[in-house]
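Below: the structure, in structure tokens.
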Amino acid sequence: MFADGTAPGADVQSLWRNARSARCEAKTCQTGKISTAEAAAQSHIAQDAAVQTEQSQDAVQDFQQEVQVDYTGLLSFLQRVEDPVIKELNKNWKSHAFDGFEVNWTDQLETVLCLHALSYPEAQDQNLQVTSVSWNATGSVIACSYGRLDDGDWSTEKSYVCTWNLDRTALNPQHPDLVVDVPSCVMCLAFHPSQPSLLAGGLFSGELVVWDTSRTEDPVIWRTGMTDDTHTDPVYQVKWLPDTKHRNHARLLSVATDGKILVWTEEQDGRLALAEGFAIVAQQIPRSTRLKKVAWGEAAVGVTSLSFSHFDPDVFVVGVEGGYSLRCSAKAQAPALPRPRGSVPLRAPAEFAFSPHAGPVYSVSCSPFHRQSCSFLPASPRNLFLSCGTDGQVHLHSMLQTQPLFALQLSKKYLFCVCWSPVRPLVFAAASGEGVHLFDLGRSMQKPTVSLKQSMSDCPVYCLEFNTKHTRLLAAGDAAGTVKVWQLSSEFTEQGPREMSHLDQLASEIMD
């Protein structure tokens with residue numbers, strides 16, 4: 001009844017899998033291609049649209065008709081508040097709470113940075129030094145002169161004048177934009193105050209030369225030549241003066257260690273002609289019982305530096321080799337005796353002698369700051385000047401008294417240059433045998449706020465100058481032939497409230 005048997009397997013297709021396969025597509029690790037189309041940021045159809053919605057003339061008239069002004073109430077309100085508002089305005093007008101305070105929208109800088117280290121390799125190969133630096137009228141071009149301030153045969157040594165435009169994108173620190181070959185050492189430079197391309201220089205030979213830096217071929221446009229009027233000693237400072245008689249002309253002032261202070265005017269033939277001059281004569285320097293006894297007849301009176309008062313164009317201060325600073329007057333009429341040789345009679349300008357340094361004075365700088373309300377004070381900023389010299393000291397002087405307000409022993413080495421900040425009444429910079437020192441008298445009168453190393457070795461810094469257009473920049477030239485452009489921090493460039501009063505008070509306390 002029963003028997004073994006094998007039946008074939010049954011094959012039943014899955015309806016669920018067939019239905020799912022019909023709905024699925026082949027899948028990869030990425031999605032299928034997405035269709036895109038170019039779309040502009042604005043619609044394809046342009047249409048002019050006003051800032052506000054347009055209104056019909058009727059709607060404007062309706063709106064204007066709805067505005068009603070209560071002129072009687074407005075007049076009553078203004079009469080009621082007039083007295084207290086005028087009172088507050090008068091209080092604000094008389095307030096000195098924000099004297100000297102200026103809003104500064106620039107970024108704050110916390111540290112002093114070296115932006116550029118400029119040099120001319122050919123001058124460095126000859127071991128020439130940077131003797132002077134000067135910013136042009138726009139504040140974008142820096143010029144430096146190469147020469148010697150130490151041992152060497154300066155009279156026969158060739159030198160250079162170089163300029164760099166710091167605004168150029170392709171600035172090469174070791175490739176100046178202009179190089180002028182000069183047969184004698186250049187001791188000092190000064191850009192014209194309003195014509196950016198005119199640059200004056202004083203030479204070791206006693207000559208003065210004016211270059212037009214916009215001319216690449218033969219840039220010399222004026223020079224004094226070697227005459228009886230020319231300085232017989234090296235020229236240590238040149239300065240442009242305004243010509244009150246001819247506004248289109250400029251006068252050039254020079255000082256030298258022959259004791260002469262000469263004023264030159266331009267001539268049509270490319271020559272600088274002597275217009276007037278002064279001579280510092282030992283016997284004509286005013287004596288003072290408060291000064292140390294010196295052999296006045298033998299005192300060295302070679303002029304090394306000069307600075308004009310910023311508030312009286314007839315007053316200037318000179319520093320001399322004998323260690324003295326002298327207050328002088330451009331209105332002086334007394335002839336210099338004995339009469340120096342030359343085509344123009346020279347006058348004796350010295351009116352007042354200040355307590356001396358222990359060595360030659362290398363630099364003087366008059367304060368550029370003044371506040372009218374304090375002009376009567378003996379130590380008002382308009383009467384202040386700085387001096388420095390080979391004794392390593394900085395003296396702060398009032399022009400009205402012989403003794404310095406204070407004497408700061410800054411260095412055991414020479415001090416070659418001192419300069420007031422153009423924007424901060426309490427800040428000045430000094431160049432020494434060790435580097436650059438920045439002072440803030442509001443912080444300390446005993447030590448510098450910041451000391452900058454110009455190089456890894458103790459390299460003397462011979463010259464420095466603030467940029468009056470870009471007030472954060474300070475240029476310094478050294479004995480290694482390098483000009484460094486320093487970017488000052490905000491603390492040295494932003495004047496605080498009542499800073500002028502602080503300087504007045506500081507000077508008055510010292511005098512007391």
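A few remarks follow.
- Restraint check, Lys158/Lys239; Lys331/Lys469; Lys447/Lys484; Lys158/Lys484; Lys158/Lys469; Lys158/Lys331, Cα-Cα greater than 29 Å: Lys331/Lys469; Lys158/Lys469; Lys158/Lys331
- Looking at the stretch 393-512, the accessible area is 37 square angstrom per residue; that uses a 1.4 Å probe and ignores ligands, DNA and RNA.
- Globularity ratio of the stretch 111-225, using Cα Rg and 2.2 N^0.38 Å: 1.04
- Note that the stretch 147-239 presents 45 Å² accessible area per residue, ligands and nucleic acids not counted, probe 1.4 Å.
- Protection-proxy order for peptides 128-137, 187-196, 457-466, each taking the mean of Cβ atoms within 10 Å per residue, highest first: 128-137, 457-466, 187-196
- Here the extension length gained between Ser501 and Ala358 equals 48.3 nm, from 0.36 nm per residue of separation less the Cα-Cα distance.
The values are calculated or read from the model by the stated rules, or taken from the named source; none is laboratory data. Keep in mind the model is a prediction, meaning the values are calculated, not measured. Heads up, the Cβs are rebuilt from the backbone with ideal geometry, glycines too, and the neighbour counts pull from every protein chain shown. These accessible areas exclude ligands, DNA and RNA; they are computed on the full protein's heavy atoms, side chains included. Shrake-Rupley method; radii C 1.70, N 1.55, O 1.52, S 1.80 Å.
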